[in-house]
Amino acid sequence: RIFPVSEGTTFSSLRLDHQINSNNQLIVRGGFNPSRITGIQVESQNQSLGQNDFSRTGIQEFHDWSGMAALTSTLSQRLVNDARFNYGRRAAGFRSGVGDAVAVNISGAAFFGRELFSPVRRTETRYEITDNLSWSRGHHTFKFGGDVSFIDVAATFELNFAGLFNFGG
């Protein structure tokens with residue numbers, strides 16, 4: 001039978017540009033992008049797509065958050081400073097459509113039960129601070145600055161934990 005596959009993804013963003021005064025401009029950006037796909041068939045454990053039961057399909061979900069704030073300041077006719085903060089968070093997950101059922105592989109005949117390579121949960125959070133100073137002198141422009149980033153990752157991969165029974169070659 002043909003498995004029902006569905007996908008729902010939304011892209012949303014917010015933008016604000018503000019001229020604080022003649023020497024300072026503020027930029028703020030934000031975004032949220034959720035996504036969900038169901039009915040995903042995989043070819044792990046040498047499965048043939050036509051031999052997978054619907055119970056062997058997976059569900060993939062993402063929730064992406066992003067934000068950025070930047071301040072550009074004209075300090076003099078020759079000096080301009082750019083300061084920026086970035087934030088990003090991605091929560092990703094992949095799980096079986098049937099929960100914690102035992103997986104059964106019958107080579108050349110059928111594959112049913114839980115999707116073997118699930119559940120997978122991963123959350124990645126990023127923080128970045130950047131500051132640059134541009135200096136113009138004659139026909140030359142010099143740029144000095146720094147960038148500090150921090151990335152925190154938490155992940156769980158519970159593969160084959162519910163049980164797997166293999167029959168055949």
Looking at the chain, what % of its DSSP beta bridges pair antiparallel, to the nearest 5? 95 percent
Please give the net charge around Q25, taking every other residue with its beta carbon less than 14 angstrom from that of Q25, where Lys and Arg add +1 and Asp and Glu add -1. +1
Once you have the Cα-Cα distance between H139 and V120, take 0.36 nm times their residue separation minus that, and quote the gain in nm to one decimal. 1.4 nm
Surrounding charge for I106, neighbours by C-beta under 13 angstrom, Lys/Arg +1, Asp/Glu -1, total 0
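Between rounded, prolate and oblate, where does the stretch 53-134 land on the alpha carbon gyration tensor, with a ≥ b ≥ c its root eigenvalues, rounded for a/c under 1.5, else prolate if a/b exceeds b/c? Each step should come with its number before you reach the end.
Details: a/c = 6.44, a/b = 5.36, b/c = 1.20.
It is prolate, given that a/c is not under 1.5 and a/b is the larger ratio.
Given a cut-off of under 8 Å on Cα pairs at least six residues apart, what relative contact order in percent is computed for the chain?
Relative contact order for the chain comes out at 19 percent.
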Accessible area of H63 in the full protein assembly, 1.4 Å probe (Å², nearest 10): 80 Å²
Options [x] 1.11; [y] 1.25; [z] 0.99 are given for Rg/Rh (Cα atoms, Kirkwood Rh), and the computed one is [y]
Quick calc, N132 & S12: beta-carbon distance into FRET formula, R0 35 Å, rounding 0.05, result 0.75
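The values are calculated or read from the model by the stated rules, or taken from the named source; none is laboratory data. Keep in mind it's a predicted model, so treat the numbers as computed, not measured. Cβ sites come from the backbone with ideal geometry, for glycine too, and all protein chains shown count toward neighbours. Ligands, DNA and RNA are excluded from the accessible area calculation, which covers all protein heavy atoms including side chains. Shrake-Rupley method; radii C 1.70, N 1.55, O 1.52, S 1.80 Å.
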